[in-house]
1. Hey, can you find the accessible area per residue of the chain for me, probe 1.4 Å, expressed in square angstrom?
2. Go through Lys106/Lys128; Lys54/Lys92; Lys71/Lys92; Lys65/Lys92; Lys55/Lys92; Lys40/Lys67 and tell me which ones have a Cα-Cα distance over 32 Å in this structure.
3. With the dipole of the chain worked out from charges on the C-beta (+1 for Lys and Arg, -1 for Asp and Glu) around the Cα centre, which of Ile86, Leu127, Asn63 lies farthest toward the positive end?
4. Which residue, Thr22, Thr66, Thr125, tops the fluctuation ranking in a GNM of the chain built on C-alpha contacts under 10 Å?
5. Please list, by residue number, every one of the GluC sites (Glu not before Pro) in segment 54-102 that is coil in DSSP and has at most 12 other beta-carbon atoms within 10 Å.
6. Please build a GNM for the chain, connecting alpha carbons under 10 Å apart, and tell me which residue among Glu26, Glu109, Glu83 fluctuates the most.
7. With all protein chains present, how much of the accessible area of segment 88-142 (probe radius 1.4 Å) comes from carbon and sulfur, to the nearest whole percent?
8. Can you tell me, using C-alpha contacts under 8 Å and at least 6 residues apart, the relative contact order of the chain as a whole percent?
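The values are calculated or read from the model by the stated rules, or taken from the named source; none is laboratory data. Not measured: the values here are computed from a predicted model. Every residue, glycine as well, gets a Cβ built from its backbone with ideal geometry; the counts of neighbours run over all protein chains shown. Quick note on the areas: whole protein, heavy atoms, side chains included, nothing else; ligands and nucleic acids left out. Shrake-Rupley method; radii C 1.70, N 1.55, O 1.52, S 1.80 Å.
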Amino acid sequence: MVLLHVKRGDESQFLLQAPGSTELEELTVQVARVYNGRLKAQLWWAAKELRRTKKLSDYVGKNEKTKIIAKIQQRGQGAPAREPIISSEEQKQLMLYYHRRQEELKRLEENDDDAYLNSPWADNTALKRHFHGVKDIKWRPR
């Protein structure tokens with residue numbers, strides 16, 4: 001049995017089991033009956049229109065343990081709109097994260113100056129002068 005997860009928008013969805021050898025004409029009639037008897041339905045799967053003259057196995061193969069998510073659309077309206085890859089809330093979170101990251105990188109780039117090289121802890125000969133005892137020698141007369 002192939003398990004069809006039939007959707008029409010986000011709020012209307014149901015599951016339907018059908019053998020792979022089912023004619024799509026019969027399957028479409030079942031879907032229309034479950035959803036709404038007045039709807040002249042057309043099934044879509046993987047951005048392809050499931051033609052009524054073919055069998056379900058022509059599209060999903062011989063494996064009877066397949067689960068597909070099919071979209072139902074009125075006949076003549078074309079392909080249904082694709083679902084977004086990420087939700088709008090996840091997109092907002094990603095945008096906020098990348099904005100913060102960009103601001104942090106800007107701050108780090110601004111602070112990338114060489115002012116620390118003049119400080120006493122950055123002197124590379126300080127250790128040598130300390131051990132020789134010549135740390136604060138002034139050449140000017142007092």
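1. Details: 11730 Å² over 142 residues.
So the chain comes to 83 Å² accessible per residue, rounded to a whole number.
2. On the way: Lys106/Lys128 38 Å; Lys54/Lys92 42 Å; Lys71/Lys92 27 Å; Lys65/Lys92 37 Å; Lys55/Lys92 42 Å; Lys40/Lys67 24 Å.
Distance filter (> 32 Å) returns Lys106/Lys128; Lys54/Lys92; Lys65/Lys92; Lys55/Lys92.
3. Ranked along the dipole, the leading option is Asn63.
4. The residue that fluctuates most here is Thr125.
5. Working: sites: Glu64, Glu89, Glu90; in loops: Glu64.
Answer in residue order: no site qualifies.
6. For the chain, modelled as a Gaussian network with Cα springs under 10 Å, the answer is Glu109.
7. On the way: 3180 of 6110 Å².
Carbon and sulfur: 52 percent of the exposed surface of segment 88-142.
8. On the way: 144 pairs, mean separation 31.1, N = 142.
The value is 22 percent.
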